[in-house]
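Scroll down for the structure; my scribbles are underneath it.
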Amino acid sequence: MDSKGPQQLLRVPTPTQRSLTFCEASPAGLKRWLDQLPRAKLGEVARLLYQGMLEINQLIQSNDQRLRMLELLRPEVNRTCVMLERHVLDQPIVLDERSRKVANLCQALQNHMAAGYKLVVVDELNTPSRDRASLLPLALQRAMKGLYGPLIRAAQLYTPAADHLWLELHQLFQIALRLNLQGQRVRDDLLTRPDGQSLQEAYAVPLLFGAARCNQMRQRQIAQLVEYLDQWANLVQIKPADQPGVLFVVAPQIDAPPRYRTLLKEASLSGLLGLSTQVLVSQISDYLALPPEERSRARLPVQPDISTDLLQHLRAAWGQESDRAFQRTPGQGRLEICIGMSALHYHLSGRVAFAQTLNLPEPPKSKPDFAPAEKTSDVWSLAFDAEHNTSLDAHEEIHYDTPVDVKSEQIELDKTYPLFSLPIVNHSPGGYCVSWPGEVPDQLQAGEVLGLRGLNENSWGIAVIRWIRQVPGSGTQMGVELLAPTARPCGLQLLRKTEQHSQYLRGLLLPEIKAIDQSPSLVAPRLPFQEGSKIQINQKGVEQQGMLTRRQNATVSFSVFEYRLLEQARPTPETPRPGSQGPSSNTEDDFDSLWKSL
């Protein structure tokens, strides 16, 4: 392989036709045909473009004319792919047959576009034309952008990149290096930058994308990353792999994305390319360190709506190698899993609905508008005969047994919060890789919390989905990191000074783990809880106020906070019943309230 020139490793069609069946074989004829496309019919436009590109790539013509025809097709193909992606993204990870065909059509459209530009590259290298100086840089940049599109879509669908895609990207840049074209800028109307893009930047974009650990991100995060990579590409350097400051290494002759430099021996770095991300990571860190109201003056080119979760993830991915703490070993057996905070809370609570776990007092019965309202400030309300006697009503009620209703309600809750039995691929003390052979639920997303346990176990471990990937022939796999061996379900309420307190939301109390120096912590929804928030914790009706201190971990779905209690536990007040002195009449807390009243 080393003896071959870069262009010999590019896969291109061999033109054999001298005419087109759908229009005149010229840029003018193609433009007239494009102007007549039925753009309101997306499927028909996609079919016509697909068939048209197949013919154009088979057409014998000059490189100048081929480029002009490809440039006419490119914006139409881009627009069509954007429209088609709406039928693919934000869908279950395992696509149905129709969505899968749409995804394959998008890939085919962009691959055929890239093939046309690669054909110009190969022809110009084998038989240079007089316009080579202008044609070749344009064709190289367009070919790299053409291959980048299928790379993005593969990541968003958690599938591997197509065979030879990375190899061809590497070869295109090797051609630019050999001809000293890496710094030449090319205008691109599909980019937001008016000054265009250099060939080195066009190559740096997919390298950054490939090093971003996209299998740990959600589709929306990947889409937002794509929006900014073209603007960030000039903040990284591509240089020999043995130079200082290189975190990632690229082997041009290998069909693979960038790898961490530390995974290779120093002696094997000769002839390899390195990717230095120090400047970009520094600007991301500076942006995150600023208060939100001051971030507009940061050097990092971003919009205010960029996700801080995304930036924190990228800072980790591009700033340091992620060392695996434990060695994985092949696994056997199965795990029982529930996905999402609602399902995990339900099963941790012993299959009890969230509202029932809070044990809150029932709201007072509503009265007709004409009934006088009871006021505790009225001294007569303390008279023995002033209180409404509910015991009389109780004797007049007809009680019905409702075991069928209770059972059906339990069945509905179990359907709402299902359990899944999944085979273990491998495991370590820190987590599992499990396989999902069939259809996966919509809740299966990177960063989602889940519960897991052995098939014969009762207690639930708390974990988070760190990555997802589609393995051809084996279904979906996900990497699961353990957060805690157990947890206590609770309700969390945000306490506000001036505004109304929030409703109770589901939360989990994680125990202290001294072996790894982990303090007691709690899992809370991302919103509205923040560091410094004052909260109320409800455990089966027992309430305590606390303060969220340091945020240990965060994903799109939840945060893990250290916390401290501000008061002792106190039962939730219950509505007194006739003949009852309240729920805590014979507890120590009752005496505590007595001392203050004496």
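Taking the stretch 463-490 as the range and being of a type in the set (A, V, I, L, M) and assigned to a strand (DSSP E or B) as the test, the residues that pass are 463, 464, 465, 468, 471, 478, 480, 482, 483, 484. Considering the conditions (1) touching a residue at least 40 places away in the same chain (Cβ under 8 Å); (2) surrounded by fewer than 17 Cβ atoms within 10 Å (Cβ to Cβ); (3) farther than 28 Å from residue 350 by Cβ, residue 545 is excluded by exactly one of them, (3).
Take the stretch 473-503 and flag every residue that is of a type in the set (A, V, I, L, M), under 21 Å from residue 358 (Cβ atoms) and surrounded by fewer than 19 Cβ atoms within 10 Å (Cβ to Cβ). Let's see the steps before the verdict.
To start, the set of residues in the stretch 473-503 that are of a type in the set (A, V, I, L, M) comprises 478, 480, 482-484, 487, 492, 494-495.
Now drop any that are not under 21 Å from residue 358 (Cβ atoms), which leaves 487, 492, 494-495.
Across the stretch 473-503, the qualifying residue is only 495.
Does the stretch 388-400 contain any residue that is modelled with pLDDT under 90, hydroxyl-bearing (Ser, Thr, Tyr), surrounded by 13 or more Cβ atoms within 10 Å (Cβ to Cβ) and out of contact with any helix residue (DSSP H, G or I) (no Cβ under 9 Å at 6 or more places or on another chain)? No: the stretch 388-400 contains no residue that is modelled with pLDDT under 90, hydroxyl-bearing (Ser, Thr, Tyr), surrounded by 13 or more Cβ atoms within 10 Å (Cβ to Cβ) and out of contact with any helix residue (DSSP H, G or I) (no Cβ under 9 Å at 6 or more places or on another chain).
Being within 26 Å of residue 499 (Cβ to Cβ), in contact with a His (Cβ under 9 Å, 6 or more places away or on another chain) and modelled with pLDDT of 90 or more is a property that holds for residue 536. Has the stretch 566-580 got at least one residue that is outside any loop (DSSP other than H, G, I, E, B), more than 28 Å from residue 496 (Cβ to Cβ), modelled with pLDDT under 65 and outside the structural domain of residue 443 (by TED's automatic domain parsing)? Within the stretch 566-580, not a single residue is outside any loop (DSSP other than H, G, I, E, B), more than 28 Å from residue 496 (Cβ to Cβ), modelled with pLDDT under 65 and outside the structural domain of residue 443 (by TED's automatic domain parsing). Scanning the stretch 187-224 for residues that are closer than 22 Å to residue 74 by Cβ, assigned to a loop (DSSP other than H, G, I, E, B) and either among the charged types (D, E, K, R) or touching a His at 6+ places or on another chain (Cβ under 7 Å) (or both) returns 187, 188, 189, 193, 195. Among the conditions (1) out of contact with any Ser or Thr (no Cβ under 8 Å at 6 or more places or on another chain); (2) more than 19 Å from residue 259 (Cα to Cα); (3) part of a loop (DSSP other than H, G, I, E, B), residue 136 misses just one, which is (3). One residue stands out in the stretch 230-250 among those that are without any contact (Cβ under 8 Å) to a residue 40 or more places away in the chain and in a loop (DSSP other than H, G, I, E, B): the one that is farthest from residue 269 (Cα to Cα), namely 245.
Restricting attention to the stretch 152-186, report how many residues are part of a helix (DSSP H, G or I) and among the polar types (S, T, N, Q). Steps first, please.
Taking the stretch 152-186 and keeping what is part of a helix (DSSP H, G or I), we get 152-156, 165-178.
Still in the running and among the polar types (S, T, N, Q): 156, 171, 174.
Residues flagged as part of a helix (DSSP H, G or I) and among the polar types (S, T, N, Q) within the stretch 152-186 amount to 3.
Listed residues 57, 63, 78, 126; which is surrounded by fewer than 15 Cβ atoms within 10 Å (Cβ to Cβ) and touching a residue at least 60 places away in the same chain (Cβ under 8 Å)? Even if it seems obvious, please write down each step before you answer.
On the way: 57 fails: surrounded by fewer than 15 Cβ atoms within 10 Å (Cβ to Cβ); 63 fails: surrounded by fewer than 15 Cβ atoms within 10 Å (Cβ to Cβ); 78 fails: surrounded by fewer than 15 Cβ atoms within 10 Å (Cβ to Cβ).
Going through 57, 63, 78, 126 in turn, the sole match is 126.
The one condition from (1) over 21 Å from residue 279 (Cα atoms); (2) assigned to a helix (DSSP H, G or I); (3) free of Cβ contacts under 8 Å to residues at least 12 places away in the same chain that residue 227 does not meet is (1).
Are any residues in the stretch 1-13 part of a loop (DSSP other than H, G, I, E, B) and either over 23 Å from residue 171 (Cα atoms) or in contact (Cβ under 8 Å) with a residue 24 or more places away in the chain (or both), and if so, which ones? Selection gives 1, 2, 5, 10, 11, 12, 13. Among the residues of the stretch 269-302, the ones that are of a type in the set (S, T, N, Q), within 12 Å of residue 235 (Cβ to Cβ) and part of a loop (DSSP other than H, G, I, E, B) come to 1 in all. Here residue 271 fulfils each of the conditions (1) out of contact with any Pro (no Cβ under 6 Å at 6 or more places or on another chain); (2) at pLDDT 90 or above apart from (2). Scan the stretch 434-462 for residues that are part of a loop (DSSP other than H, G, I, E, B) and of a type in the set (A, V, I, L, M) and jot them down. Selection gives 440, 444, 446, 455. Every condition in (1) over 24 Å from the mean Cα position of the chain (by Cα); (2) at pLDDT 95 or above; (3) within 27 Å of residue 301 (Cα to Cα) holds for residue 196 except the one numbered (2).
Among the residues of the stretch 512-553, those identified as under 25 Å from the mean Cα position of the chain (by Cα) and part of a loop (DSSP other than H, G, I, E, B) are 526, 527, 528, 529, 530, 531.
The values are calculated or read from the model by the stated rules, or taken from the named source; none is laboratory data. All values reported here derive from a predicted model rather than from experimental measurement. Here the Cβ is made from the backbone with ideal geometry for all residues, glycine too, and neighbour counts use every protein chain on show.
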